[in-house]
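All remarks here apply to the structure that follows.
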Amino acid sequence: MNVQQLTDIVRKLVEHHKGLLAMDESTPTCNKRFAGLRIPQTETARFAWRELIVTTPGLGECISGVILYDETIRQQMQKATPFAAALADAGIIPGIKVDTGAKDMAGHPGEKITEGLDGLRDRLAEYFQLGARFAKWRAVIGVGGGLPSRGCIEANAQSLARYAALCQEADLVPIVEPEVLMDGVHTLEQCAEVTEDVLRAVFNQLYTQRVLLEGMILKPNMVLPGLTCPRQNTVDEVADATVQCLLRAVPAAVGGIAFLSGGQSSELASARLNAMNARSKLRLPWDLSFSFARAIQQPAMEIWRGEKANVPEAQRALYHRSMCNQAARRGEYTSAMERS
Ligand code: 13P
């Protein structure tokens, strides 16, 4: 493990109030998003969409790293330039999703365990050769109806820690993503309780597996009420509950925190990140950043709809969302920016 190299990458991923853009949807997930907008579900369309993102003018001003999917990191853009090289040319660090998906967990009806550890050491070496300098693994934890179970939390926490240790061995910064899902009627308080429990389990395992905390980034959910919970909390309540949960469960040595968006609207995701930074930045030991997929991509995808003529306007929307989130990192985002 090259400690200096890992901590340098972590620093570059969080500096200058930049954040991460996740475009690592698996083929079924990407196709699902396309289907909702009647975009053809083909490799050509996925390529065109991802090329649109990577060639967005000025993207590197607000985005420090982009998370790719296996299909994309092997594709070449114009002049035979691989995606990872095009990103590096734009001053953006390429990353790669390395889990192979959340599968039904044996003996745990309604719960998932994320797979992908078999052969991971060899795959990580190949991704490093292809230009990746960080990696991502997502575990999903549902809330409600007696869930999550201890078995689900512990199994996912251990897989995340084994993945993170293998990444650091390969000089790739692990993004550790235990996502407590928004689906359900649970309250913000229930989400806070589960998220704190999950984060404690994850950090216990990271410690047990000898993961260097300075050489990793945590990608958590924000603490939110379920999507169908009758009481939807204010932006400030969400910000304060999220910060309290992180302060209780995340060691100060962790290199950085970059939230997933998890199905929130783009504007709410920016407003909540902004409130955390505006209200609490001075008492936090880590940068609070973003690693959004939907909350950055969705407005642009709705403009693009698979049409070449819409590319410039879609790229402007993508840049705008990235810029709003950069402002949210500084605690300077306002809803007026949405109309500019
Ligand atoms: P969302 O921001 O759409 O939740 O996606 C983040 C991500 O990378 C999921 O793994």
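The values are calculated or read from the model by the stated rules, or taken from the named source; none is laboratory data. For clarity, every value in this text was computed on a predicted model and none was experimentally measured. Cβ atoms come from the backbone with ideal geometry, glycine included; neighbour counts cover every protein chain shown. For accessibility, only protein heavy atoms count, side chains too; no ligands or nucleic acids. Shrake-Rupley method; radii C 1.70, N 1.55, O 1.52, S 1.80 Å.
Looking only at helices (runs of 4 or more DSSP H) that lie completely in region 215-310, which have at least 2 residues being more than 15 Å from the ligand (Cβ to nearest atom) and either at pLDDT below 95 or within 20 Å of the chain's Cα centre (by Cα) (or both)?
235-249, 266-280
What helices (runs of 4 or more DSSP H) completely inside region 52-147 contain at least 3 residues that are not aliphatic (A, V, I, L, M)?
Output list reads 59-62, 70-73, 120-129.
Looking only at region 107-129, which residues are touching a strand residue (DSSP E or B) at 6+ places or on another chain (Cβ under 7 Å) and open to solvent by 40 Å² or more (accessible area, probe 1.4 Å)?
Hits for region 107-129 are 110, 112, 115.
What tally of residues in region 169-207 results from selecting those that are more than 30 Å from residue 130 (Cβ to Cβ) and in a loop (DSSP other than H, G, I, E, B)?
So the answer is 7.
Using the structure shown, decide if residue 155 is assigned to a loop (DSSP other than H, G, I, E, B), out of contact with any helix residue (DSSP H, G or I) (no Cβ under 9 Å at 6 or more places or on another chain) and of a type in the set (A, V, I, L, M).
no
Would region 74-93 turn up any residue that is under 19 Å from residue 220 (Cα atoms) and open to solvent by less than 20 Å² (accessible area, probe 1.4 Å)?
Scanning region 74-93 turns up no residue that is under 19 Å from residue 220 (Cα atoms) and open to solvent by less than 20 Å² (accessible area, probe 1.4 Å).
What are the pairs with Cβ atoms under 7 angstrom where one residue, in region 251-279, is among the charged types (D, E, K, R) and the other, located anywhere, is within 15 Å of the ligand (Cβ to nearest atom)? Sequence gap at least six, or different chains.
272/222
Please give the number of the condition residue 62 fails out of (1) touching a residue at least 60 places away in the same chain (Cβ under 8 Å); (2) open to solvent by 20 Å² or more (accessible area, probe 1.4 Å).
Answer for residue 62: the failing condition is (2).
Any residue in region 40-48 that is open to solvent by less than 30 Å² (accessible area, probe 1.4 Å) and in contact with a Lys or Arg (Cβ under 8 Å, 6 or more places away or on another chain)?
no
Please enumerate the residues belonging to region 229-261 that are of a type in the set (S, T, N, Q) and buried (at least 20 other Cβ atoms within 10 Å of the Cβ).
242, 261
Do we find a residue being touching a helix residue (DSSP H, G or I) at 6+ places or on another chain (Cβ under 9 Å), within 30 Å of residue 150 (Cα to Cα) and open to solvent by less than 40 Å² (accessible area, probe 1.4 Å) anywhere in region 4-22?
Yes, some residue in region 4-22 is touching a helix residue (DSSP H, G or I) at 6+ places or on another chain (Cβ under 9 Å), within 30 Å of residue 150 (Cα to Cα) and open to solvent by less than 40 Å² (accessible area, probe 1.4 Å).
Since residue 168 meets every condition but one in (1) in contact with a Gly (Cβ under 8 Å, 6 or more places away or on another chain); (2) open to solvent by 40 Å² or more (accessible area, probe 1.4 Å); (3) closer than 24 Å to residue 291 by Cα, which condition does it not meet?
Here residue 168 meets the rest and fails (2).
Confirm whether residue 33 is at pLDDT 95 or above, open to solvent by 30 Å² or more (accessible area, probe 1.4 Å) and over 17 Å from residue 132 (Cβ atoms).
Here the answer is yes, as residue 33 does meet what is asked.
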